[in-house]
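A.B. asks: Structure below; questions to follow.
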Amino acid sequence: MERALSIGAALPSVVITNLDVEVIEAEQTVFTTSIHLVSQHFFLAAVKDVLFPYRKRVDFDYNHVISRTEQIVVEVDQIFFQRQEAEIILMIEPLDLAVKEEIVRLFQLKAKWAIPFFAKVFTGGLHANERAAYVEGFYRMHHKYEHALSDQLECVKRIQAIDRCLDT
């Protein structure tokens, strides 16, 4: 980092990391002028990892909590976000204290992963889980064949494999 700064490289304007506290603290120390965000993917993965052992409990609806958590990640309205957060915290009430504390800790980092708390955000009208579906839909709409993007990529891979065989 010091070498990059010595040759005049600019600090990144945004740094996105996982939920590792040491990494977050290190990036805040090194990238002092950058905006520090946590990847929503890592937030969702952490929630799922914490709650997964409790998925079969009768007094806990694992799938509903995960569904609400996935919804809250793309929520843009702060009031609705806070209502959903309170609902999720209420749904995990029957679980162990350590689990509740970890979920609360993850939500305390919401300024780093929740859209309503970002000062600036550019999504092009799309949120993370909508981008892939949008790109595929756009491709299908503007492509004369009605094949999915994944089918097209598979065809390209087969063609490349055939070309390699012909070359050798």
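The values are calculated or read from the model by the stated rules, or taken from the named source; none is laboratory data. Every value quoted in this text rests on a predicted model; they were computed, and no experiment measured them. Cβ: placed from backbone, ideal geometry, glycine included. Neighbour counts: every protein chain shown.
A.B. asks: Counting only residues that are hydrophobic (A, V, I, L, M, F, W, C) and touching a residue at least 24 places away in the same chain (Cβ under 8 Å), which one in segment 85-109 is surrounded by the most Cβ atoms within 10 Å (Cβ to Cβ)?
C.D. replies: Restricting to residues being hydrophobic (A, V, I, L, M, F, W, C) and touching a residue at least 24 places away in the same chain (Cβ under 8 Å), the top hit is Ile103.
A.B. asks: On to the next question. Just for helices (runs of 4 or more DSSP H) wholly inside segment 1-105: which have at least 3 residues that are of a type outside the set (Ser, Thr, Tyr) and more than 18 Å from Pro116 (Cβ to Cβ)? Break it down stepwise before answering.
C.D. replies: Details: elements: 2-6, 21-30, 40-51, 62-73, 78-91.
It comes to 2-6, 21-30, 40-51, 62-73.
A.B. asks: Kindly provide the set of residues from segment 55-89 that are closer than 26 Å to Ala111 by Cβ and of a type in the set (Lys, Arg), ordered by number.
C.D. replies: Matches in segment 55-89: Arg68, Arg83.
A.B. asks: Follow-up. Within segment 15-27, can one find any residue that is exposed (fewer than 12 other Cβ atoms within 10 Å of the Cβ), modelled with pLDDT under 80 and charged (D, E, K, R)?
C.D. replies: no
A.B. asks: Right, another one. Would you check if Ile66 is in contact with a Lys or Arg (Cβ under 7 Å, 6 or more places away or on another chain) and without any contact (Cβ under 8 Å) to a residue 24 or more places away in the chain? Step through it out loud before you land on a result.
C.D. replies: Working: in contact with a Lys or Arg (Cβ under 7 Å, 6 or more places away or on another chain): yes; without any contact (Cβ under 8 Å) to a residue 24 or more places away in the chain: yes.
Yes; evaluated as a whole, the condition is true for this residue.
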